[in-house]
Structure formats: C-alpha cells, structure tokens
Amino acid sequence: MRDIDLRSDTVTWPTPAMREAMARAEVGDDVCGEDPTVNELEAEAARLTGKEAALFTPSGTFANQCAILTHSSSAGEVLLAEKSHIIQHEAGGAALISRVQLRPTSPDSSHLNPDDVAARIRPEGDIHYPKTVLVCVEQATGDGTVVPLKVLERMRKAAGTLPIHMDGARLFNAAAALGVAPALVARHADTVMFCLSKGLCAPAGSLLCGTQEFIDRARLNRKLMGGGMRQVGVLAAAGLVALREVRPGLAEDHAKAKRLAAALKKVPGVRLVREPEINLVFCRLPGWKGTGLELAESLRPEGIRIYPDEFGMYRFVTHRWLSDDGMAKFVKALRKRL
Ligand SMILES: *Cc1c(COP(=O)(O)O)cnc(C)c1O
C-alpha cells in the first residue's frame, strides 16, 4: 500500500491514462523543434495562459531562472516578495545565472504589494542605482494564498513599463480557487510559468509562456542552460493528460484541504494558521512537545508522511492520491500524539 503522503503535491505519481499516453507518444528531437507532442503541449500551454508561445522546461525552477535570464539582458535589480520561491527555494540561482540583484520586498505579506513595488523602482540617471529590470509575482503563493486579481491589476500599473514575470507553479490552483480562466489570472503578467509536476500528477516538466519574441530568446537560453531535451514527447504526453484530465480535479484537492482543515481544527493542540484557499493547509501544533522531525519520524511507521515544521509552521498538502480515509487516519494519528 502507498503511504499517506501529505508532504507535497510533488509526490503525486502519474495517472494510468498518463502512463498510456506516454507509451503511445509520438516523439522527435525537440532541440530541433521536431517533437510533435512537445509542440502540441507548448501550443496548449500558450492557449491556456493567453500568450503567443510557450517553452517546455525540465522544472519550475528552470523556467523561473530562464525567465529571469531572458528578461534581464543588462545588470539590474529584480523586485520580488521576500517569501517567494525564487528568493527562498531556488538556491540563489539568479545571482549566478543572470547576475542580477534580487531585492526581497513586502516581507510581512504573503504576496508582493503593488505599493512596495512602486516605491522601489529606481529612478534613472544616477549611476549609483542598479537599474530595475523585472518584477516577479507568485500565484498562488507558497503560503497557499491566492493573490486577488485586483492586486495583479494594480501591480501592472505600479510596474509601469517594467516586465512582470508570474511564477505560476500553482497557476491552475489559483484559477480554480478564483473560478476564472487561467488566461485571466495571467493577463497582467508578460510571462508566466506553470508546473505540470505538482498537483497535476505529471512526472516532470514546466512551461514558460510569453510573446513569440520572448519565447524565441528563452529557447536559446534554455539550450545555454543545458535544458534542451530530445525525445521528450514522452513527458509532454503526460503533460497534455495533466492539463486535460487532471486539471479539472484541482478544485477537489481544494475541497479536501478544507475538509482536512475542518477536522484538524477539532483536534486539541492544533492551531490552524489560516483557512486553506488552495490545497495547502498550514498549522501550528502547540500540543506537540517534540521537534518537527520527531513528529515526522513517529508517523512514518504508520505509513504517514509529513515534512517537519519550518519555524514552527507545519504544511499539509492535499492532492489527487490523498484519500478521505488517509486524511482521517492522519488526523487520528495526530490526535493520539498531542
Ligand atoms: C514548486 C515551485 C516552483 C518550481 O519548483 P520545481 O521543483 O523546480 O519544479 C516554483 N515556484 C513555486 C511557487 C513553487 O511552488
């Protein structure tokens, strides 16, 4: 039996339909643009996000870093939220790959605030200042919150002529939570990336979407970064199934998160940090006296997997392969320990 795995939505394995599509996929050398399945996936991604073109990349980190590199042709400064994935979880790659200065902003907020951006765009004409070259927003955020569309609209105004890149690793979760088309969520961003490998169950891959001109340059940068892959239609085939068949199920992942949060709230010693908006449930566990690692290890023999806390905060993630029965077992196991 598989573990009850609440660590992340990246632990999702491919659906049987994906496995079948992968086995049947038509392939070619994608570096030469000859993989028909990748071409189909890129066209589908561009259509869904309302952009002209798209580029298949090995990971979300790769797509974000490739976007920063492609947006920043000169030395400069990138404005983004201090809590953003690019600041916190991409190994500081932008300093090395794009030689830009990342300026962490809005430290007390789940998302980057338009007013903070407006106040930090560098005036021109002073040689002491780095040039502001890019604004990065995250949607949905790593805090599991969905940025209201109004905020993104205000961000567009605040950024003026600066390009906006949207880290939409969970773009479709945000769209499902807002009840709108993904293209509408990405409307105020010049470029957007989304992941196939999280709640969408595909084994790997992300897409970077933008204008044809931008994607042409990003394609060159993907090669430079070592991300040109060959008969990768086998992965793109899984991606197409992810977009067409798994994506509609994301709303159910969110409903599961709400059910899990409701059950956890009834457990003494659990403090829910906020009502879940997508598939991420954040809690503090004042009733647990050990370390997060000790809690994770104590659940392991029961086939339950969680990540230890980050600074006292636990994150439990719902996804397609987490059942109500699994969630109930987890809540019961937690109750026993608190
Ligand atoms: C997961 C994630 C990424 C990319 O992660 P990879 O593991 O490199 O695919 C980027 N941004 C956010 C917000 C994420 O959650």
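Descriptive notes on the structure:
- The number of Lys pairs in segment 14-246 with C-alpha atoms less than 25 Å apart, excluding pairs fewer than 8 positions apart on the same chain, is 10.
- Average accessible surface area per residue within segment 14-246, 1.4 Å rolling probe, Å²: 41 Å²
- Separation in nanometres of the label points that stand 7 Å from Cα toward Cβ, at residue 310 and residue 88: 0.3 nm
- Applied to segment 131-140, the Karplus parametrisation 6.51 cos²θ - 1.76 cosθ + 1.60 on θ = phi - 60° returns per-residue 3J(HN,Hα) values of 8, 6, 10, 7, 10, 10, 10, 10, 8, 5 Hz, with x for Gly and Pro.
- Partners of residue 332 within straight-line reach, counting aspartates and glutamates whose Cα lies under 17 Å from its Cα and excluding those fewer than 8 residues away in the same chain: 3, 5, 297, 302, 324.
- Helix-only [θ]222 nm of the chain, DSSP H runs n ≥ 4, -39500 (n - 2.57) each, per residue, nearest 500: -11500 deg cm²/dmol
- Extreme residue, positive dipole direction of the chain, given options 194, 107, 327 (C-beta unit charges): 327
- Rounded to the nearest 20 debye, dipole of segment 14-246 from Cβ charges on Lys, Arg, Asp, Glu: 240 debye
- Spacing of the two label points (7 Å from each Cα toward its C-beta) at residue 329 and residue 273, in nm: 2.6 nm
- The order of 313, 1, 327 by accessible area, most exposed first and with a 1.4 Å probe, is 1, 313, 327.
- Spatially proximal lysines relative to residue 336 (Cα-Cα < 18 Å; intrachain offsets below 8 disregarded): 265, 266, 289
- Sites residue 262 and residue 1, calculated FRET efficiency, Cβ-Cβ separation with R0 22 Å, nearest 0.05: 0.30
- Accessible area of the chain belonging to carbon and sulfur atoms, whole % at 1.4 Å probe: 53 percent
- Ranking by accessible area, most exposed first, for 240, 235 with a 1.4 Å probe: 235, 240
- Estimated FRET transfer efficiency (residue 157, residue 19; beta-carbon r; R0 51 Å; 0.05): 0.65
- Beta bridge orientation in the chain: antiparallel %, DSSP, nearest 5: 45 percent
- Spatially, segment 76-95 and segment 294-338 are offset by 30 Å when compared through their Cα centroids.
The values are calculated or read from the model by the stated rules, or taken from the named source; none is laboratory data. On a predicted model such as this, the values are computed, not experimentally measured, just so you know. Cβ coordinates were reconstructed from backbone atoms using ideal geometry, including for glycine residues, and neighbour counts include every protein chain displayed. Accessible surface is based on the protein model in full, side chains and every heavy atom, while ligands, DNA and RNA are left aside. Shrake-Rupley method; radii C 1.70, N 1.55, O 1.52, S 1.80 Å.
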